Amino acid sequence: MTRLMHRSLITTPPVAVAARGIEIIDAQGKAYIDASGGAAVSCLGHGHPAVLEALHKQLDQIAYAHTGFFTTEIAERLGERLIEGAPEGLEHVYLVSGGSEAVEAALKMARQYFVEIDQPQRRHIIGRRQSYHGNTLGALAAGGNEWRREQFRPLLTETHHIDPCFSYRFQREDESEEDYAARAARSLEEKLTELGPETVIAFVAETVVGATAGAVPPVGDYFRRIREICDRHGVLLILDEVMCGMGRTGTLHACEQEGIVPDLMTIAKGLGGGYQPIGAVLVSGKIRDALRAGSGFFQHGHTYMGHPMAAAAGLAVQETIRQHGLLDNVRAMGAVLEERLTARFGNHHHVGDIRGRGLFRAIELVEDRASKRPFSTERKIHAAIKREAMARGLMVYPMGGTIDGVRGDHVLLAPPFIVNEIDVDRIVSRLGDAVDAAV
Ligand code: PLP
């Protein structure tokens, strides 16, 4: 019997004993292609020599120094590196240990900003019903993933949620993409009017939705409209790029493709590529300057923030991506992945949608393609696909859930940025077999 409480208390997962490149090996010697990067984490694959070397070097120098006493050269260098690649206006970096921590810090920083500039009446956070921002209480409250929130609702602070932007499910047939984008964005305007815009701190959204609905990109000028609404009402825009950021969609930050810059941006997963737990908030000059001119202190902090080993991993991963031009490969292989998924599933009776950007792709499973009728919850299709994929030596990230009363099963693919065409073919072939076996 295992002493660990695993995610499932019923089954124990296979024991991973080694990993190299795009594969993880279990204790029986079976190899699994990591086609989801775990959960969009392992952007460089496993065992990358440049990262291992950087970690060994950092361990020799200094493994830990509390940020209440010291900064470290490696954390400062990572800060510089992240701001070099950040959209203009994001000028400072707050380092934490993961995605949920980054979201918590961003929410608190947004609130403190308004306290510092003498607008303490701003107290509301608005998120979307189609979103996941983490499992800690503040992040869970901001998110709209009901499956994850439901039983904890009494512990969650009051937050407000608006419509998703999810064209496959919610764009009407008589509506153009632009009309739909305008309608989805209007939902924010309506919520602000309802709450009183002067009482709202921030709107938080994933630029490309990850775990809740499976690689759902925004449509049309949705985010430009959102940015304009936030600006008009003095509300901060927080983009959560914990999953879709750091190159996953083909640009370093997914918001580059939307032509907007948020006031705060959260990143994690691909930042450290899984070599160490790390996350960060990219902070606009406006917010940092207000805190500096006010109390001069951000009322927050974690023991492991700015951890030198995590910073070393983050810096090595980001430098490697840059030096090897891996974002070009994300775009090229992303196009190949899209093409292969379309060839395999484009006419599949049980695949309703194929979507995503770069190496962040998903298929949505349906009972009936023509009517988009979803599978019933009882079928647990996403879980069956995961099982069948694992049996075939393939890791994919499946998820089922309900948004605005509409059920969905989807399978997310987020392979490492180092994949080649042969890898992509193997991934799609095994996934095709797993889907056929599961449905
Ligand atoms: N935000 C988004 C968009 C995520 O996808 C996740 C995790 O899946 C989180 C936040 C939480 O990150 P973590 O699991 O590192 O706490």
Q: Pull up the range 139-157, narrow it to residues that are part of a loop (DSSP other than H, G, I, E, B) and of a type in the set (S, T, N, Q), then point me to the one that is modelled with the lowest pLDDT.
A: Asn145
Q.
If I ask for residues that are surrounded by 20 or more Cβ atoms within 10 Å (Cβ to Cβ) and within 15 Å of the ligand (Cβ to nearest atom), which ones from the range 112-139 would you list?
A. Ile125, Gly127, Arg128, Gln130, Ser131, Tyr132, His133, Gly134, Gly138, Ala139
Q) Quick check: is even one residue across the range 256-272 away from the ligand (no atom under 13 Å from the Cβ), in a helix (DSSP H, G or I) and closer than 30 Å to Ala50 by Cα? A) yes
Q: Mind counting the residues in the range 210-225 that are crowded, with 21+ Cβ neighbours inside 10 Å and β-branched (Val, Ile, Thr)?
A: 2
Q.
Considering only the range 214-232, I want to know if a residue exists there that is within 16 Å of the ligand (Cβ to nearest atom), in contact (Cβ under 8 Å) with a residue 40 or more places away in the chain and within 18 Å of Ala142 (Cα to Cα).
A. no
Q. Which one of these is within 20 Å of Lys269 (Cβ to Cβ), within 12 Å of the ligand (Cβ to nearest atom) and of a type in the set (A, V, I, L, M): Ala142, Ala75?
A. Ala142
Q.
Return the residues of the range 274-288 that are within 13 Å of the ligand (Cβ to nearest atom) and farther than 10 Å from Leu90 by Cα; say none if nothing qualifies.
A. Gly274, Gln276, Pro277, Ile278, Gly279, Ala280
Q. Any chance the range 209-222 includes a residue that's farther than 17 Å from His133 by Cβ and in a helix (DSSP H, G or I)?
A. yes
(Q) Just to be sure before I move on: is Ser42 in contact with a Gly (Cβ under 7 Å, 6 or more places away or on another chain), within 16 Å of the ligand (Cβ to nearest atom) and in contact (Cβ under 8 Å) with a residue 40 or more places away in the chain in the structure I sent? (A) yes
Q: Being surrounded by fewer than 22 Cβ atoms within 10 Å (Cβ to Cβ) and touching a helix residue (DSSP H, G or I) at 6+ places or on another chain (Cβ under 9 Å) is the filter; apply it to the range 226-239 and report the residue that is nearest to Gly259 (Cα to Cα).
A: Glu228
(Q) Test of understanding: among Gly37, Gly47, which residue is touching a strand residue (DSSP E or B) at 6+ places or on another chain (Cβ under 8 Å) and either modelled with pLDDT of 95 or more or outside the structural domain of Val208 (by TED's automatic domain parsing) (or both)? (A) Gly47
Q) Does Asp353 satisfy being at negative phi and surrounded by fewer than 16 Cβ atoms within 10 Å (Cβ to Cβ)? A) no
Q) Considering only residues of the range 388-433 that are of a type in the set (Ser, Thr, Tyr) and in contact with a strand residue (DSSP E or B) (Cβ under 8 Å, 6 or more places away or on another chain), which is farthest from Pro14 (Cα to Cα)? A) Thr402
**Q.** Verdict on Ile321 being among the aliphatic types (A, V, I, L, M) and free of Cβ contacts under 8 Å to residues at least 40 places away in the same chain
**A.** no
**Q.** Condition met for Phe417 (surrounded by fewer than 23 Cβ atoms within 10 Å (Cβ to Cβ) and among the aromatic types (Phe, Trp, Tyr))
**A.** no
Q. Considering the range 55-93 alone, what residues qualify as being closer than 19 Å to Arg292 by Cβ and of a type in the set (Gly, Ala, Ser)?
A. Gly68, Ala75, Gly79, Ala86, Gly89
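For (1) buried (at least 21 other Cβ atoms within 10 Å of the Cβ); (2) within 18 Å of Val406 (Cα to Cα), each residue gets a yes or a no:
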residue	(1), (2)
Phe166	yes, yes
Tyr180	no, yes
Glu189	no, no
Phe203	yes, no
Val208	yes, no
(Q) Just checking, does the range 235-248 include any residue being in a helix (DSSP H, G or I) and either assigned by TED's automatic domain parsing to the domain that holds Ala211 or over 17 Å from Glu80 (Cα atoms) (or both)? (A) no
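The values are calculated or read from the model by the stated rules, or taken from the named source; none is laboratory data. Every value quoted in this text rests on a predicted model; they were computed, and no experiment measured them. Glycine gets a Cβ as well: all are built from the backbone with ideal geometry, and neighbour counts include every protein chain shown.
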